[in-house]
Amino acid sequence: MSQSLHFFTSSTGSPSLSAFPNHSSYSITTLSCLRSSNHRFPVTLTANISIRASSPSDLDSPSSSQVLDSNNGRGGGIASSASVEYTSAVVSDLSSIEVDSVTATELKENGFRSTRRTKLVCTIGPATCGFEQLEALAVGGMNVARINMCHGTREWHKMVIERVRRLNEEKGFAVAIMMDTEGSEIHMGDLGGASSVKAEDGEIWTFSVRAFDSTLPERTINVNYDGFAEDVKVGDELLVDGGMVRFEVIEKIGPDVNCQCTDPGLLLPRANLTFWRDGSLVWERNAMLPTISSKDWLDIDFGIAEGVDFISISFVKSAEVINHLKSYIAARSRDSDVSLIAKIESIDSLKNLKEIIQASDGAMVARGDLGAQIPLEQVPSAQQKIVQVCRQLNKPVIVASQLLESMIEYPTPTRAEVADVSEAVRQRADALMLSGESAMGQFPDKALTVLRSVSLRIERWWREEKRHEAMELPAIGSSFSDSILEEICISAAKMANNLEVDALFVYTKTGHMASLLSRCRPDCPIFAFTTTPSVRRRLNLQWGLIPFRLSFSDDMETNLNKTFSLLKARNLIKSGDLVIAVSDMLQSIQVMNVP
Ligand SMILES: Nc1ncnc2c1ncn2[C@@H]1O[C@H](COP(=O)(O)OP(=O)(O)OP(=O)(O)O)[C@@H](O)[C@H]1O
Ligand SMILES: CC(=O)C(=O)O
Ligand SMILES: [K+]
Ligand SMILES: [Mg+2]
């Protein structure tokens, strides 16, 4: 038995309701919103809401759905039970839907409600570049692996990319790869190979633009910016890594600048340098540095050739840089679908925030450098603003740097760090990022566990308290059909909350419709079905999405039946679960119980 509700509206007509027994309280905001939209086209919209009370008779058997899925050639193995079987190879007749085994286990063991919504990015470095170490991070919930082009060699980066790819292929994960450009900020050299050097109070250190052919003289630091000695003045304050160590400039001798340490601390290789005069950052000359340096262009070529999923651009100053890079990527590789993440870490990026985010595919609150460019006490409000703008413009946002800094050395976080992570989760950022904690810290897996458990706890608290925040989600699409998709997603998410459904299903080829649902931050998880592995990986950065790879047709009835049978065969859903389904092929919202 199937009960359907059809709405018909046109540029003049009002919606008509044909049948909706027993569910008169359903929220039907789609239609009223559509009616108030500016109709530029003579549109006839059919919104189809159907509620199925029992199973349809034509449900696919697992074998017939496998036939439907003949283009699946990948070997992503799905664990058939909760324990260690994620290492097992493909269960061939079940392989026509791909979801990572850790998520599958989580769904089976803990149910839909308790899946983690906040995504986790781990910076890969010497502490985590081994295959087993990468696998441990994936098992621990890493959604995106980040490689930072400031550090390591090209060969090293290539090796990490290959290992992550192998992990995905052999173990069924969909870990995305993000490459972070070096950018052309002023930074120190690599300390002649030392992993760190201590600067003590009162010591005199030389910062020099000279190229040293052999070993660095003692207490000498190489600086990458040729204009450095000209730009600084005696009396300036020199901040390493935004103030982790401080020096005062006491004399300039040609290319050498002698400085006295005023705040001791550890100098790390290639640490960022800023200089301050009369209490404010000297940044005019620094601003002349190109956002994308010649090395960055080579790295970007490398990233495109390696097929990375995201490129994050350091020290973005304007939307033009992003647009320029987008056209470069399009010209270079027609079918490249790399997404560009703008790192907000400079005064200019804050000034041009909206345009930059609008031009990009996502943003990162890069608090490390941001905190060296604006007073530290302004960083929290900047973070909140960036997260909010990203949400409104429907771009994923990552909160990064020093989330669990103390865990580089210690196995437990400070209370303050836990509070900071909680705040980012409470702001409903898409993703949290580990930097040194996972790249070179002593407890990368423990740090990831802290992010995971704090995320889960805060998300649950939010739902228990029913904190549906009233964030304005302005219309963002440029065409009327975009507006329809947005309104369908807003309505579907609202219905999902009101009806307390178990999951939202979205069938999306490009991933766009999934992101629109994620933007609404609904209470239930969003199962995002997409046809290509690269879209599936990129969806892994977005809040609340559980990306599945599945081939599907334009016929929603067939898609749903196929999905139900495949998911049921894996015990990922069960009869009676209530789901709401939308797709970017059909302007409809369907509400149904799994048969
Ligand atoms: N590939 C690598 N090889 C060696 N050390 C690394 C590597 N990646 C990161 N690290 C270490 O981890 C630390 C934190 O990493 P992170 O990516 O945050 O770098 P960062 O130097 O602070 O630059 P950014 O501002 O781009 O984040 C670095 O300072 C470095 O010591
Ligand atoms: C991540 C980064 O680049 C920063 O925090 O500065
Ligand atoms: K970087
Ligand atoms: Mg930075």
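The values are calculated or read from the model by the stated rules, or taken from the named source; none is laboratory data. For clarity, every value in this text was computed on a predicted model and none was experimentally measured. Please note: Cβ atoms are built from the backbone with ideal geometry, for glycine as well, and neighbour counts cover all protein chains shown. Heads up: the accessible areas ignore ligands, DNA and RNA and are worked out on the full protein's heavy atoms, side chains in. Shrake-Rupley method; radii C 1.70, N 1.55, O 1.52, S 1.80 Å.
Over the C-alpha trace of the range 324-420, radius of gyration and Dmax come out as 15.7, 49 angstrom. Inverting the pair-averaged 1/r between distinct Cα atoms of the range 335-488 gives 16.8 Å as its Kirkwood hydrodynamic radius. Projecting the Cα atoms of GLN587, ASN561, ILE573 onto the charge dipole of the range 516-595 (Cβ charges, centred on the Cα centre) puts ILE573 farthest toward the positive pole.
Does anything in the range 310-332 have its amide N under 19 Å from the 7 Å Cα→Cβ label point of ILE476, and if so which residues? From the range 310-332, the list is 310-313, 319-320, 322-323, 326. You can think of it this way: the chain between SER195 and THR215 has 5.7 nm of extra reach, that is 0.36 nm per residue less the Cα-Cα gap. Solvent exposure of the range 273-412, expressed per residue, is 41 Å² of accessible area, with all protein chains present and a 1.4 angstrom probe. The listed residues VAL160, VAL209 rank as VAL209, VAL160 when sorted by accessible area, largest first, using a 1.4 Å probe. Backbone amide hydrogens, once placed in the peptide plane, bring LEU432 within less than 5 Å of LYS119, LEU120, VAL121, VAL399, excluding anything fewer than 5 places away on its chain.
Surface listing: TYR507, TYR328 arranged by accessible area from highest to lowest gives TYR328, TYR507, probe 1.4 Å. Solvent exposure of the range 524-566 amounts to 18 Å² per residue of accessible area, where only protein heavy atoms count and the probe is 1.4 Å. By a 1.4 Å probe calculation restricted to protein chains, LYS317 has an accessible surface near 40 Å², given to the nearest 10.
Assign one of three labels to the range 517-595, namely rounded, prolate or oblate, based on the Cα gyration tensor with a ≥ b ≥ c the square roots of its eigenvalues; rounded applies when a/c is under 1.5, prolate when it is not and a/b is larger than b/c, and oblate otherwise.
Taking the square roots of the gyration eigenvalues as a ≥ b ≥ c, the range 517-595 is rounded.
Shape verdict for the range 176-246, please, from the Cα gyration tensor: rounded (a/c under 1.5), prolate (a/b greater than b/c) or oblate. It is rounded, given that a/c, with a ≥ b ≥ c, falls under 1.5. Within the accessible surface of the range 191-288, defined with a 1.4 Å probe on protein heavy atoms only, the carbon and sulfur portion equals 48 percent. Cross-link check: pairs LYS198/LYS233; LYS233/LYS343; LYS354/LYS385; LYS317/LYS354 evaluated at a Cα-Cα cut-off of 19 Å; pairs beyond the cut-off: LYS198/LYS233; LYS233/LYS343.
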